[in-house]
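Accompanying notes for the structure given below.
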Amino acid sequence: DDAIGYIWDFDNQTLYFPFVATVAFSTSSSSYSGSIVEGYVNEYSNYLKTLGAKVSNARLITKNELEMLGCVNNSCASAQSWVYATSYWTGSAVDSENIWVVDAWRLISEWHYDNPGGREIGWGVRPVIEIPLSEF
């Protein structure tokens, strides 16, 4: 519950500190494969498997999926609140230097892959866990 990146409360116009569980996407490139965040996603997938979950794939959400969830013109204001309730890296690169991120301002923005957040911004890791339909 505490690993939330940064949170902006629109109702109270408040930015909550400290930023917990923020991390750089990578130290070397905008590629998901071999990135820091891939390690966290894989660790979480493995943890769920130890609990008996039948995980078929674990990854980060894509910008295209965010658009299908209601994020239009890089704004997620029309999406359900769980989409922008925390701030996190996506699995979609803008180019060789930047990654799309979702932030608690309800926006999709681009940030350099080695920006860990620092004092002003915080990007977390929010895995997409795929489970076969046969498990339901």
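Assorted remarks:
- The set of residues from segment 53-79 being in a loop (DSSP other than H, G, I, E, B) and closer than 21 Å to E130 by Cβ comprises A53, K54, V55, S56, I61, T62, L69, G70, C71, A79.
- Looking across segment 93-116, the residues that are more than 12 Å from the chain's Cα centre (by Cα), farther than 10 Å from S75 by Cα, of a type outside the set (D, E, K, R) and not in a strand (DSSP E or B) come down to V94, S96, Y113, N115, P116.
- Residues that are assigned to a strand (DSSP E or B) and in contact with a helix residue (DSSP H, G or I) (Cβ under 8 Å, 6 or more places away or on another chain) within segment 80-90 comprise W89, T90, listed in sequence order.
- Filtering segment 43-77 to residues that are among the hydrophobic types (A, V, I, L, M, F, W, C), closer than 21 Å to W100 by Cα and open to solvent by less than 50 Å² (accessible area, probe 1.4 Å) leaves A58, L60, I61, L66, C71, C76.
- Boolean, W100 is buried (at least 16 other Cβ atoms within 10 Å of the Cβ), farther than 13 Å from S35 by Cα and of a type outside the set (G, A, S): yes
- Residues satisfying the stated conditions in segment 32-52, i.e. part of a helix (DSSP H, G or I) and over 13 Å from the mean Cα position of the chain (by Cα): G39, N42, E43, Y44, S45, N46, Y47, L48, K49, T50
- Scanning segment 117-136 for residues that are at pLDDT 90 or above, of a type in the set (D, E, K, R) and not in a loop (DSSP other than H, G, I, E, B) returns a single hit, E130.
- Near pairs, Cβ below 8 angstrom, 6+ apart or cross-chain, from segment 54-70 (touching a residue at least 40 places away in the same chain (Cβ under 8 Å)) to any residue that is basic (K, R) and not in a loop (DSSP other than H, G, I, E, B): V55/K49
The values are calculated or read from the model by the stated rules, or taken from the named source; none is laboratory data. A quick note: this is a predicted structure, and the numbers were derived from the prediction, not measured. Neighbour counts are summed over all protein chains in view; Cβ atoms, including those assigned to glycine, are modelled from backbone coordinates with ideal geometry. Just the protein is used for accessible areas: all its heavy atoms, side chains included, with ligands, DNA and RNA removed. Shrake-Rupley method; radii C 1.70, N 1.55, O 1.52, S 1.80 Å.
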